[in-house]
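Taking it in order: structure first as structure tokens, then the write-up.
The values are calculated or read from the model by the stated rules, or taken from the named source; none is laboratory data. Bear in mind the structure is a predicted one, so any value in this text is a computation, not a measurement. For neighbour counting, all protein chains shown are included, and Cβ atoms are generated from backbone atoms with ideal geometry for every residue, glycine included. The protein model used for the area step is the full one, side chains on, heavy atoms only, and it has no ligands, DNA or RNA in it. Shrake-Rupley method; radii C 1.70, N 1.55, O 1.52, S 1.80 Å.
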Amino acid sequence: MPQERPRYQERPSRLPGAVVWTWDAPEGPPPAPRSVLPDGCMDLIWTGGRIVVAGPDTHAFQVEPQNRASCAAIRLAPGTAPVLLGVPAHELRDHRADLADLWPSATVRRLTNRIDEASDPAAALEHFTLDRIADTGPPDPRTVAVAEGLRRGRTVAATAAEAGLGARQLHRRSLAAFGYGPKTLARILRLQRALELIRTGLPYAEAACAAGCTDQAHLAREMRDLAGTTLGAYFGAAAANSETPHPSGSRTTA
């Protein structure tokens with residue numbers, strides 16, 4: 001028998017740091033609710049006549065079964081979406097907003113129609129983001145440096161110094177670019193590093209230390225605070241339903 005096509009698929013985008021992903025809603029009973037973990041990213045999500053912006057999360061976002069329609073999306077690296085959208089990230093923190101609420105309705109309608117009619121909606125959405133970034137220009141290099149430094153596990157102080165930013169400047173720029181301050185972004189990226197390491201087979205305690213936590217208990221507290229669950233429950237659910245390879249999950253609309 002032919003192998004069933006995975007419902008969730010992703011690939012690297014031609015836009016640096018971005019990921020294009022798709023979700024095909026299954027036939028029959030709706031899937032179980034799923035939590036999307038914070039990852040510092042923002043997504044543009046198309047689903048049949050609608051484009052939604054998934055803002056930066058500070059806690060796990062619950063995707064209910066009735067909202068899991070088929071969609072195509074692009075997950076943008078931290079700091080990219082505010083430049084593309086012309087909207088500070090903190091205004092979209094912990095929100096899912098229709099693009100029509102942020103941009104002129106006629107502009108959004110033309111874009112949505114173009115993607116609706118495309119043979120490959122994911123490619124059409126990616127093409128739009130590439131054109132848009134070409135017009136707006138890329139994110140501030142210092143913003144990119146901050147995100148990269150924190151992703152690599154650098155301290156906030158060291159990252160600020162390397163980017164040539166004072167504490168207040170760094171906090172103000174972080175709110176606009178990432179949706180929250182640098183300490184929160186650092187915690188979120190550290191949790192994601194730990195989850196990636198655990199996915200490779202590393203034991204919890206070793207992954208915690210390698211990611212920058214003081215010990216496994218520290219990682220467990222971060223998991224509860226940011227994800228609202230335990231490591232065991234999170235990976236148990238992932239094993240039971242392996243449709244989503246990315247640690248943060250697919251941000252289907254709500």
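The combined condition, being assigned to a helix (DSSP H, G or I), more than 22 Å from residue 85 (Cα to Cα) and open to solvent by 10 Å² or more (accessible area, probe 1.4 Å), is fulfilled by residue 184. Of the helices (runs of 4 or more DSSP H) lying entirely inside region 187-241, those containing at least 2 residues that are modelled with pLDDT under 95 and surrounded by 14 or more Cβ atoms within 10 Å (Cβ to Cβ) are 231-240. Against the test of being under 23 Å from residue 137 (Cα atoms), open to solvent by 40 Å² or more (accessible area, probe 1.4 Å), in contact (Cβ under 8 Å) with a residue 40 or more places away in the chain and touching a helix residue (DSSP H, G or I) at 6+ places or on another chain (Cβ under 8 Å), the options 108, 83 yield a single qualifying residue, 83. Going through (1) under 30 Å from residue 167 (Cβ atoms); (2) open to solvent by 30 Å² or more (accessible area, probe 1.4 Å); (3) in contact with a Lys or Arg (Cβ under 8 Å, 6 or more places away or on another chain); (4) of a type outside the set (D, E, K, R) one by one, residue 100 falls short only on (1).
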